[in-house]
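Colleague: Quick one: structure below, then a few questions.
The values are calculated or read from the model by the stated rules, or taken from the named source; none is laboratory data. Remember, it's a predicted structure, so these values are computed and weren't measured experimentally. Backbone-built Cβ (ideal geometry, glycine too); neighbour counts: all protein chains shown.
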Amino acid sequence: MQPDALFYLVGGIAVIILGLSKGGFAGIGMISTPLLALVVGPIAAAGVIFPILVVQDFIAVAMYRRTFNRGILATMIPGAAVGVLLAFAFASILPAWSVEIVLGVVSLLFALQQLKRQLGTPQARRPIQGGTRLLGMMSGIGSGFTSAIAHAGTPPFQFYVMPKGLDRDMYVGTSVLFFAATNAMKAPAFIALGQLSVAQLKTTLILLPLAVASSWAGVRLVQMIDVRKFNTVISLILLGVSVTLVCQGVAGFRGL
């Protein structure tokens with residue numbers, strides 16, 4: 001990977017969105033890796049984003065450490081551990097085009113689901129209570145697996161947690177702690193797979209100030225703007241990015 005002006009432009013946008021997500025705009029961070037993957041590919045994008053995620057986790061955990069749902073974390077984190085192990089086991093045999101397609105399809109489904117919630121009637125957006133412990137464990141496995149492959153663990157997480165009807169701060173805090181734990185479990189695999197090289201870390205360091213600033217900004221901005229409208233715009237962008245990724249993956253498969 002040779003960083004250029006386009007890389008830093010797209011990378012900067014991706015990092016800012018990721019920081020806003022950690023600061024309170026829960027869910028929008030899903031666009032960061034797919035967006036950067038358009039420029040450098042999904043494997044390299046995941047490697048660049050990962051150290052930034054870890055730094056932002058420290059900030060986000062400090063901000064939300066007293067606001068989280070213990071029951072959800074106790075159910076999902078063991079499943080996430082299984083998902084991370086499965087992803088590590090299959091990582092060496094997954095071609096880049098397959099990761100692009102998986103990331104694109106997961107992102108597309110997530111964008112459509114978000115748009116349905118955001119643009120639907122108030123009754124359609126109303127949380128539905130329920131969800132068995134087994135469902136929580138399976139969602140944890142799915143979230144750990146997709147997070148380890150391409151930092152795309154949000155859809156399985158939301159599938160189980162959104163129907164719980166948590167208030168905003170409780171949801172964000174639970175999300176922050178879950179993904180902080182998941183990212184900690186991913187670190188050995190990223191090191192073993194060579195995705196944290198010195199050259200890559202130097203590139204990532206350039207983006208870190210944006211990561212820190214945007215995380216703190218997210219906490220302030222979430223109180224000031226219409227989160228639903230902002231999330232709708234992000235979901236529409238993610239829709240286009242996900243379709244592009246799927247097309248790139250299909251083109252890569254055909255080029256074999």
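Colleague: If a residue has to be surrounded by 18 or more Cβ atoms within 10 Å (Cβ to Cβ) and either in contact with a Pro (Cβ under 7 Å, 6 or more places away or on another chain) or of a type outside the set (A, V, I, L, M) (or both) to count, how many in segment 51-66 make the cut?
Modeller: Total satisfying the criteria: 4.
Colleague: Counting residues that are closer than 18 Å to L38 by Cα and in contact (Cβ under 8 Å) with a residue 40 or more places away in the chain, which helices (runs of 4 or more DSSP H) fully inside segment 141-256 reach at least 3?
Modeller: Counting at least 3 such residues, we get 198-221, 227-254.
Colleague: Could you list all residues from segment 233-256 that are within 20 Å of the chain's Cα centre (by Cα) and β-branched (V, I, T)?
Modeller: V233, I234, I237, V241, V243, T244, V246
Colleague: I'm trying to understand the selection: among the residues of segment 164-185, which are modelled with pLDDT of 90 or more and buried (at least 17 other Cβ atoms within 10 Å of the Cβ)?
Modeller: The answer is T174, L177, F178, F179, A180, A181, T182, N183, M185.
Colleague: For segment 192-221, how many residues are surrounded by 15 or more Cβ atoms within 10 Å (Cβ to Cβ), of a type in the set (V, I, T) and closer than 20 Å to G41 by Cβ?
Modeller: 2
Colleague: A follow-up question, please. Collect the residues in segment 12-50 that are in contact with a Pro (Cβ under 8 Å, 6 or more places away or on another chain) and more than 18 Å from K186 (Cβ to Cβ), keeping them in residue-number order.
Modeller: Within segment 12-50, no residue meets the criteria.
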